[in-house]
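Below you'll find the structure, written out as structure tokens, and then a few comments.
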Amino acid sequence: MEPRWKTSPRCWKTRSRCVRSSIKSLKISAYFALITIVLVWALKVMKTYETERYNTHEIASTPNTLHFDNKDGLMLPAERGDNNFVREQDIASELLLYLQKGQLSDTLKGPMWKELLMTLKLNRRSQTVLIQESDFWNKRDTKSCQPKDNIFFLKTHKTASSSIMNILFRYGEFCNLTFAFPIEGASYAYANFFKTSFVNGFSDQSKKIFNIMCHHMRFNYTEVEKVMPKDTFYFTILRNPISQMESSFSYNKDFECFTKAKNLEDFLQNSKIFYKDSYGEVSFGKNLLSFDLGLDLNSSPEQSVLAWHAMDNIFDLVLITEYYDESLILLKDALCWSFYDVLSFPLNSRSNSSKKTLTPETQEKVKSWNSLDWEMYTYFNNSFWKRVQTFGVERMEREVKELKRMRTVMFDKCLEGEVDPMKLKDNSLMPIQAGFATILGYNLKTGLSKDDALLCQRLVTPELQYHEILKKKQTYKPIPGTTGL
């Protein structure tokens, strides 16, 4: 016998309605379940978005295996064998142990390498040259830290270093600090290696204290440390060599190494013709970052890696131009400064018409031509993002957001806008024009209070004019002497 619900029309209709109702309920439940899954996924994505954002900037580097002769005593037991290779990660600690013996093999000797390697020995911050700062950053009590006033900034070329210099100029001026000015011009006799004799007012007998050193030089650490106090904070800034060389060619087109080239592609294609080691501006044509850092442009890959570790040890912080705001946050935290102290506007920047987009082929040629700079940039870019991770991704996002907000507020308060040099209302704010680049400036708003007008003007004063203002002010104040050094 058939079940009643199959034979009774009433029961069939009732069942049909029940089935339809059940199916409808299932669809609704499934719909809401799907929405819940999507929402949970979206929240997870939103929570991890910035973390992922800060995890994608590391650059793939070349294989980290470097060959050394056995006579150097640098081979790790675990790595010795037929291939005779040692991993880059182990070089730092092995090099430190090697240096503790107080000897340098012939392979490591030279006019620069002895200085760099002994710097590692004398100034190491831990038992490894690689910076291990996680515990320091995580345990530090930011409420008890004291602002740092003794600062060395290695001002590299075409890296947004003029904007960093403006920050240091303002801080030094408003805090009444003393600058180590060049004895002549606005650089320490660049492109010579830095010497203490290049500093105005310095001598071994005078015992004068200088708080800030930030002009262009070819870095020479053993000379710099004679000028600056022992507790000096050292930092510099690096830029992707591809965009840096495009900018350098535009800005320095009048230099002998570039002047005969039709464009950057022509220079790279015929570099053997245009680039000569005897040229006075040779540094601007190849591996400019390595030159500014005082490195040997003819160094071997092994020496280059040692140099990066040495620089990692000497400099407390290496900023990256492409991540300028993140760099400022790390700088602010390291110096125990405020947001206002690191607030800045882009200075010495070119108009869009002065910029050129390079083809992928040209970019690869630039990387190959500046191979020392590219490998060094890769090394410090990756270490930069490891430091961001240690600092805290969510914290970094919050502080970058706040810095951008404050910059927008200050821009609206101070400036009418960024303009071509021909449209500048105040010639004292005219940036220097060079090559075929058009360097932009700023027009200030009127009706500001005296204090606001001074701050706004200082924020956009080009480096040469600001240099002259501070040098004149410092001429009329005594440079303090040391009291126990």
- [ ] Take the alpha carbon gyration tensor of the range 220-286, find the square roots of its eigenvalues, order them as a ≥ b ≥ c, and report rounded if a/c is under 1.5; if not, report prolate when a/b exceeds b/c, else oblate.
- [x] prolate
TODO: Per residue of the range 258-266, in order, report the coupling 6.51 cos²θ - 1.76 cosθ + 1.60 (Karplus, θ = phi - 60°) as ³J(HN,Hα) in whole Hz, putting x for Gly and Pro.
DONE: 10, 4, 8, 7, 5, 7, 5, 4, 5
- [ ] Kindly sort Glu302, Glu418, Glu364 by accessible area of their heavy atoms, largest first, with the probe set to 1.4 Å.
- [x] Glu364, Glu418, Glu302
Open item on the list: Compute for the range 155-213: radius of gyration divided by Kirkwood radius, i.e. Rg/Rh, restricted to C-alpha atoms, rounded to two decimals.
Closed with: 0.98
TODO: With a/c under 1.5 counting as rounded, go ahead and sort the range 329-436 into rounded, prolate or oblate using the C-alpha gyration tensor (a ≥ b ≥ c being the square roots of the eigenvalues; past the cut-off, prolate if a/b is larger than b/c, else oblate).
DONE: oblate
Open item on the list: Let me check something: with ligands and nucleic acids excluded, how do Asp266, Asp296 order by accessible area (1.4 Å probe), largest to smallest?
Closed with: Asp296, Asp266
Task: Whole-Hz couplings from phi, Karplus 6.51/-1.76/1.60, listed for the range 400-412; x for Gly and Pro - done: 5, 4, 5, 4, 5, 4, 5, 5, 5, 4, 5, 4, 5
TODO: Return the long-range amide H neighbours of Leu238 (sequence gap of 5 or more, or a different chain), with a cut-off of under 5 Å between placed amide H atoms.
DONE: Leu319, Ile320, Thr321
- [ ] Would you pull out the residues with amide H under 5 Å of Ser349's amide H, same chain only if 5 or more places away, H placed 1.01 Å from N?
- [x] Leu440
- [ ] At 1.4 Å probe size, with every protein chain present, just tell me what the per residue accessible area of the range 370-414 comes to in Å².
- [x] 43
Task: Radius, Kirkwood style, for the range 329-384 when every pair of distinct Cα atoms is counted (Å) - done: 14.8
Task: Per-residue SASA entry for Ser163, accessible area with 1.4 Å probe, Å² rounded to 10 - done: 10
TODO: Mind grabbing the accessible area of Ile209 for me, 1.4 Å probe, Å², rounded to tens?
DONE: 50
- [ ] Mind listing the long-range amide H neighbours of Ile151? Cut-off is under 5 Å, sequence gap 5 or more, other chains count too, H placed in the peptide plane at 1.01 Å from N.
- [x] Ile212, Met213, Phe233
Task: Charge dipole of the range 303-359 about the Cα centre (unit charges at C-beta), most positive-ward option of Leu335, Asn313, Phe345 - done: Phe345
Task: Share of pairwise Cα separations in the range 383-425, more than 16 Å, in percent - done: 59
- [ ] Using a 1.4 Å probe over the heavy atoms of the protein chains, calculate the carbon and sulfur portion of the accessible area of the range 169-251 as a whole percent.
- [x] 47
Task: the range 252-358 shape via C-alpha gyration tensor axes, a/c threshold 1.5 - done: oblate
- [ ] Using only protein heavy atoms and a 1.4 Å probe, report how much of Trp385 is accessible, in Å² to the nearest 10.
- [x] 0
- [ ] Step through the residues of the range 314-330 one at a time and calculate ³J(HN,Hα) from phi using the Karplus curve (6.51 cos²θ - 1.76 cosθ + 1.60, θ = phi - 60°), rounding each to whole Hz and writing x for Gly and Pro.
- [x] 6, 8, 6, 7, 10, 7, 10, 4, 5, 10, 4, 5, 4, 5, 5, 5, 5
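The values are calculated or read from the model by the stated rules, or taken from the named source; none is laboratory data. Everything numeric in this text was worked out from a predicted model, so none of it was measured. Cβ coordinates were reconstructed from backbone atoms using ideal geometry, including for glycine residues, and neighbour counts include every protein chain displayed. What goes into the accessible areas is simple: the full protein's heavy atoms, side chains included, and nothing from ligands, DNA or RNA. Shrake-Rupley method; radii C 1.70, N 1.55, O 1.52, S 1.80 Å.
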